[in-house]
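The values are calculated or read from the model by the stated rules, or taken from the named source; none is laboratory data. None of these values were measured; they are calculated from a predicted model. Every residue, glycine among them, receives a Cβ derived from its backbone with ideal geometry; neighbour counts consider all protein chains shown.
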């Protein structure tokens with residue numbers, strides 16, 4: 001969402017491509033989204049060794065979906081940065097060229113808007129469903145966290161479908177309400193893993209070869 005806020009001038013001003021632009025602000029937004037894409041990939045890579053002990057096929061699917069989510073984010077970044085490139089090359093453009101530049105800019109913004117729907121909604125929802133199912137099934141986290149992920153993932157996917165068919169805008173009250181459960185799932189899962197890690201009973205099978213699980217030192 002930080003990147004989206006910083007992209008504001010590009011996304012909401014059709015004349016950005018032919019006028020003075022807040023390029024530095026847009027670049028900062030792109031940097032935020034690059035960090036986000038890296039974090040998305042990193043999450044999949046870090047969790048894979050644990051998840052594959054539960055269901056290797058589903059774990060691999062989760063990692064691939066995370067990679068797809070990151071790729072969609074990158075496409076959105078490139079589309080916005082392309083608007084900046086068009087703006088920088090628009091100096092001295094004739095009136096007819098100006099109209100073409102505005103059309104091209106709107107097209108690139110539309111690409112970003114669709115990636116914003118596909119990435120943080122459809123693909124994120126699918127990721128959440130797979131991860132929550134694996135963790136709920138294996139008892140890696142408290143049950144209520146898994147249930148929250150299953151509900152949140154399903155709801156955000158349903159909301160994205162509603163947006164796709166024009167029931168309401170993605171950035172709207174219904175869209176924000178639909179995103180609350182999946183946001184709570186991500187925050188709750190992160191807090192749980194940082195503070196306590198996985199449930200001991202859930203990871204017991206990973207050490208069936210006789211090794212003892214490593215437990216954090218008492219603070």
Original post:
Among the residues of the range 4-33, how many are within 24 Å of the chain's Cα centre (by Cα) and either assigned to a helix (DSSP H, G or I) or at pLDDT 90 or above (or both)?
Top reply: 19
**OP:** May I ask you to say which residue of 60, 68, 36 is under 30 Å from residue 139 (Cα atoms), out of contact with any helix residue (DSSP H, G or I) (no Cβ under 7 Å at 6 or more places or on another chain) and surrounded by 14 or more Cβ atoms within 10 Å (Cβ to Cβ)?
**Re:** 60
Subject >> Where residue 42 falls short, out of the listed (1) surrounded by 17 or more Cβ atoms within 10 Å (Cβ to Cβ); (2) within 21 Å of the chain's Cα centre (by Cα) >> reply: (1)
Subject >> Single condition residue 181 does not satisfy, out of (1) in contact with a helix residue (DSSP H, G or I) (Cβ under 6 Å, 6 or more places away or on another chain); (2) within 22 Å of residue 63 (Cβ to Cβ); (3) modelled with pLDDT of 90 or more >> reply: (2)
Subject >> Of residues in the range 143-161 being surrounded by 17 or more Cβ atoms within 10 Å (Cβ to Cβ) and without any contact (Cβ under 8 Å) to a residue 24 or more places away in the chain, the one nearest to the chain's Cα centre (by Cα) >> reply: 150
